[in-house]
Amino acid sequence: MERVLITSAIPYINGIKHLGNLVGSQLPADLFARYNRGRGREVLFLCATDEHGTPAELAAAKAGMDVAEYCAKMHAVQAEIAQGFRLSFDHFGRSSSPQNHRLTQHFAGRLADAGLISEVSERQVYSNADGRFLPDRYIEGTCPNCGYDKARGDQCENCTKQLDPTDLIEPRSAISGSTDLQVRETKHLYLRQSSMRDQLNAWIDSKTDWPILTTSIAKKWLNDGDGLQDRGITRDLDWGIPVKKGTQEWPGMEGKVFYVWFDAPIEYIACAAEWVDAGKGSDWERWWRTDMGAQDVRYVQFMGKDNVPFHTLSFPATILGSGEPWKLVDYIKSFNYLNYDGGQFSTSQGRGVFMDQALSILPSDYWRWWLLSHAPETSDSEFTWENFQAGVNKDLADVLGNFVSRITKFCRSKFGEVIPEAGAYGAQEARVMADLQARLDAIKRIWRR
Ligand SMILES: [Zn+2]
């Protein structure tokens, strides 16, 4: 039987996701999983919450909770909402799982053995007003690449460039807004991904069937002068996966954790181990190790365009660099943004429709249908309430609803609620069947298989 491994970009733990997040990864991944199951294929569909990093720590502090406790609670909330939307994950895991701790430390050890990790003294931003280091997202400033004035320390969400906090122009603390910042020395591990440029280039070149959106973003960061810089994979934080070389201590790295971007994609693999440990399946290596059965698996990832650099460069660098036979992605389906009523959805500003609100307003099928039929594949698309209302009334209620209603009423009045045995088909039935078959064939061509 053909086997398909499907992962959706993993949502961050600090709050409820909006409809733009949903249509950019989880929902189309769910559609693809259902399609493949319908074709009789064996599917493993995985998603998880992304739980490490400063935003989780700060959200927990704000909620007056211990960070582990906060993450457990928010994971349960997100899992329940995913169920409400009938997202058919085989497992919804957690990047803070023991399985991910072990695998992340394992990959770091392999990369170190392969000479792909260097120890460097890093200049990191310290906020005097906040009394702490300000890693990645907790520094804001102007993007040196495009001039966007609300770029975060890890990435500019306007132009998708991956950044380091010290790259920002006119940086300020995102916690307090303070500009009383100072750069202090601290020692960190770097992944030498720039040394893998040729290998990554060749791998991406071999993917001739990828969507243009995916390859164009990957190639831009790969070949742009500084697009594939070596990146820090550790942070001075308490919450996260302790830095170890496999199962060994890592001298000089005591008290540090891996940086969330390094451990989050490894959760795709760890999630399969969680799935087995939860008693839902067996033999996860069969999906992930090409020396243990995964050579026949087709692996498809779904994500918004801002996640493409991590999935086309950083995560493959981790996998290729390990020198072990882990499964690499076969196809990356990326999406543009869904906008909200003339602007962007924004979690921080509470702007848009959030998944829990949506379910409290209407059943999930209304949202699933509208979002999938307006998925931002070739360009950004827009949600407006008027559009949503008109689409639901016209296509769902009038066209599909009336069709189903008439057929069932007709069956009831003519056949007494029993669907009649199929007899010989007439010319009209044959025409309908041929038409349906042609459409099914067209769908198979679009999905390529
Ligand atoms: Zn930018």
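Hey, can you tell me all the residues within region 104-123 that are buried (at least 21 other Cβ atoms within 10 Å of the Cβ) and in contact with a helix residue (DSSP H, G or I) (Cβ under 7 Å, 6 or more places away or on another chain)?
Going residue by residue through region 104-123, those that are buried (at least 21 other Cβ atoms within 10 Å of the Cβ) are 104-105, 107-108, 111, 116-117.
Matches in region 104-123: Thr104, Phe107, Leu111, Leu116, Ile117.
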Could you figure out which of (1) under 27 Å from Val353 (Cβ atoms); (2) in a helix (DSSP H, G or I); (3) at pLDDT 95 or above isn't true of Arg431? (1)
Selection from region 366-389 of residues that are part of a helix (DSSP H, G or I), loosely packed, with under 15 Cβ neighbours inside 10 Å and in contact with a Leu (Cβ under 8 Å, 6 or more places away or on another chain): Leu372
So Phe89 passes all but one of these: (1) in a loop (DSSP other than H, G, I, E, B); (2) touching a helix residue (DSSP H, G or I) at 6+ places or on another chain (Cβ under 6 Å); (3) surrounded by 16 or more Cβ atoms within 10 Å (Cβ to Cβ). Which condition number does it fail? (2)
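Residue-wise test of (1) closer than 22 Å to Met355 by Cα; (2) small (Gly, Ala, Ser).
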position	(1), (2)
Met65	no, no
Cys71	yes, no
Ile81	yes, no
Leu87	yes, no
Ser96	no, yes
Gln99	no, no
Thr104	no, no
Ile117	no, no
Residues within region 135-151 that are at negative phi and at pLDDT below 90, tallied: 3
Take Ser206 and tell me if it is assigned by TED's automatic domain parsing to the domain that holds Thr378, surrounded by fewer than 16 Cβ atoms within 10 Å (Cβ to Cβ) and either under 25 Å from Phe107 (Cβ atoms) or of a type in the set (Gly, Ala, Ser) (or both). yes
Inspect all residues belonging to region 299-308 and state whether any of them is surrounded by fewer than 22 Cβ atoms within 10 Å (Cβ to Cβ) and more than 19 Å from the chain's Cα centre (by Cα). no
I'd like to check something: does region 218-239 contain any residue that is under 28 Å from Leu46 (Cα atoms), of a type in the set (A, V, I, L, M, F, W, C), part of a helix (DSSP H, G or I) and at pLDDT 90 or above? yes
For Tyr126, work out the one condition from (1) at pLDDT 95 or above; (2) surrounded by fewer than 22 Cβ atoms within 10 Å (Cβ to Cβ) it doesn't fulfil. (1)
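The values are calculated or read from the model by the stated rules, or taken from the named source; none is laboratory data. Quantities reported herein were computed from a predicted structural model and do not represent experimental measurements. Note: ideal-geometry Cβ built from the backbone for every residue, glycine included; neighbour counts use all protein chains shown.
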